[in-house]
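Since the structure comes first, as structure tokens, the remarks are kept for the end.
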């Protein structure tokens with residue numbers, strides 16, 4: 001198979017790309033506290049259900065400790081979520097500063113995780129691989145061996161546009 005792999009780096013982002021990045025940032029920040037709060041509330045309600053026979057023996061400080069444990073769990077989980085959001089935000093900030101990449105290559109692997117679908121492309125150097133997150137419809141459309149032009153965010157590793165050659 002005659003194949004020339006080309007990589008064009010640091011292409012400036014257009015307004016549509018910047019809006020896409022902004023929507024990804026805002027989407028997570030809006031939903032996370034509510035989902036986390038709801039999850040902790042359900043966990044605390046389940047714990048209260050298990051302890052319902054022992055509530056008669058509780059003193060006022062036991063209730064304070066119970067509520068404090070709920071807040072502590074929320075804070076602990078929020079701290080981990082904040083670390084993940086900080087990592088993603090740093091990648092999006094680098095993507096905004098350095099732009100996007102355009103790769104003409106062939107799909108060498110496909111893999112699916114619990115959270116996303118990925119296509120792996122042959123890189124410009126020998127034995128170099130570039131793994132990029134794609135939309136589910138693109139994942140099902142392209143098989144291994146398909147030659148594509150992919151425009152992607154370098155640090156977030158997310159495809160913005162896929163075109164078959």
* Would you mind pulling out the separation of the Cα centroids of the stretch 91-106 and the stretch 1-50, in Å? => 17
* Angle, helix 60-98 long axis vs. longest principal axis of the chain, Cα atoms, 0 to 90°, nearest 10? -> 10
* Asked: Which three semi-axes in whole Å describe the equivalent ellipsoid of the stretch 92-165, each the square root of 5 times a Cα gyration tensor eigenvalue, listed largest first?
  -> 18, 15, 11
* Please report, to one decimal in angstroms, the Kirkwood hydrodynamic radius of the stretch 15-97 built from all distinct Cα-Cα pairs. => 15.3
* Asked: Rounded to the nearest 500 deg cm²/dmol, what is the calculated helix-only ellipticity per residue at 222 nm for the chain, with -39500 (n - 2.57) per DSSP H run of length n ≥ 4?
  -> -17500 deg cm²/dmol
* Asked: Just 104, 130, 64 to compare: in a GNM of the chain, with alpha carbon springs under 10 Å, which one fluctuates most?
  -> 64
* Asked: What is the order of 88, 15, 95, fewest Cβ neighbours within 10 Å to most?
  -> 15, 88, 95
* With the convex hull built on the Cα atoms of the chain, state its orientation-averaged projected area in nm². => 12.9
* Asked: How high is the relative contact order of the chain, given as a whole-number percent (alpha carbon pairs under 8 Å, six or more residues apart)?
  -> 25
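Coordinate-derived values only; no laboratory data. None of these values were measured; they are calculated from a predicted model. Neighbour counts run over all protein chains shown; Cβ positions are idealised from the backbone, glycine included.
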